[in-house]
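Report on the structure given below.
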Amino acid sequence: MAQTTSSGRRPDSRRPDRTPAAKGDTTEKVVFINRCAKVVKGGRRFSFSALIVAGDHDGKVGCGFGKANEVSEAIRKASEAARKSMEKVSLNENTIPHEVVGEYDGARVLLRPASPGTGIIAGGGVRAVAEAAGIRDVLAKSLGSSNHANVVKATIAALRSLRRRDQIFKARGIHFSDGKGDQHDASA
């Protein structure tokens, strides 16, 4: 017989904890673990590689890759690399400021802002990066390669290229006051 919750629904195995992590706490998520076999005289010798995404749920995110002969050691190496590579990305409350496409090698990732309550509509590596960065509402589509490492790096490249409205106005030298830039008179 299937388990049910107090609401009468089956528990969702994809989201074991519905409460988001506190902002500022660095969390890590294992995206992919690969096993590689080397054939030697005595049989097969296995090695493992791990891809991990780390983030503080407040706009900082990074990814790391580690290889070792044991899974736990590969995860440890990858998590250290992920924490070292964390960088700040621009967010607009719980979503992203504008639509963006990120590319890395053969992977292309499209990210679109979404209205509050939409959730993270993304799969695999893109979802892991968005959750770690603290994005709650976004629409995403992986357009190119499905290689986990390249998809994660393309997603981080997309987030890195985001700019908020005030940052763009400041770079252009436009005074930013009421949400719209000052209208420049063309006849002057």
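Quick one: what does P(r) look like for the stretch 98-165 with 10 Å bins over all Cα pairs, in whole %?
24, 60, 16, 0
Return the sequence-ordered ³J(HN,Hα) values of the stretch 109-117 in whole Hz as given by the Karplus equation 6.51 cos²θ - 1.76 cosθ + 1.60 applied to θ = phi - 60°, using x for Gly and Pro.
For the stretch 109-117, the Karplus-derived couplings read 10, 9, 10, 10, x, 10, 6, x, x Hz, x marking Gly and Pro.
What are the residues whose amide H is under 5 Å from the amide H of Arg136, where those residues sit 5 or more places off or on another chain and H is modelled from the backbone?
Thr95
How much accessible area per residue does the stretch 50-188 have, in Å², with a 1.4 Å probe?
Values: 7640 Å² over 139 residues.
Averaged over the residues of the stretch 50-188, the accessible area is 55 Å².
For the stretch 52-186, build the charge dipole from Cβ charges (+1 Lys, Arg; -1 Asp, Glu) around the Cα centre, then report which of Thr118, Leu91, Gly55 sits farthest towards its positive end.
Projecting each Cα onto the dipole axis, the largest value belongs to Gly55.
In this model, which of Lys41/Lys67; Lys38/Lys67; Lys29/Lys77; Lys67/Lys88; Lys38/Lys84 are farther than 21 Å apart at the alpha-carbon?
Numbers: Lys41/Lys67 23 Å; Lys38/Lys67 14 Å; Lys29/Lys77 13 Å; Lys67/Lys88 26 Å; Lys38/Lys84 30 Å.
Exceeds cut-off: Lys41/Lys67; Lys67/Lys88; Lys38/Lys84.
The values are calculated or read from the model by the stated rules, or taken from the named source; none is laboratory data. This one's a predicted model, so the numbers in the text were calculated from it and none came from an experiment. Note that we place each Cβ from the backbone using ideal geometry, even for glycine, and neighbour counts take in every protein chain shown. Surface accessibility is based on the protein's heavy atoms, side chains included, excluding ligands, DNA and RNA. Shrake-Rupley method; radii C 1.70, N 1.55, O 1.52, S 1.80 Å.
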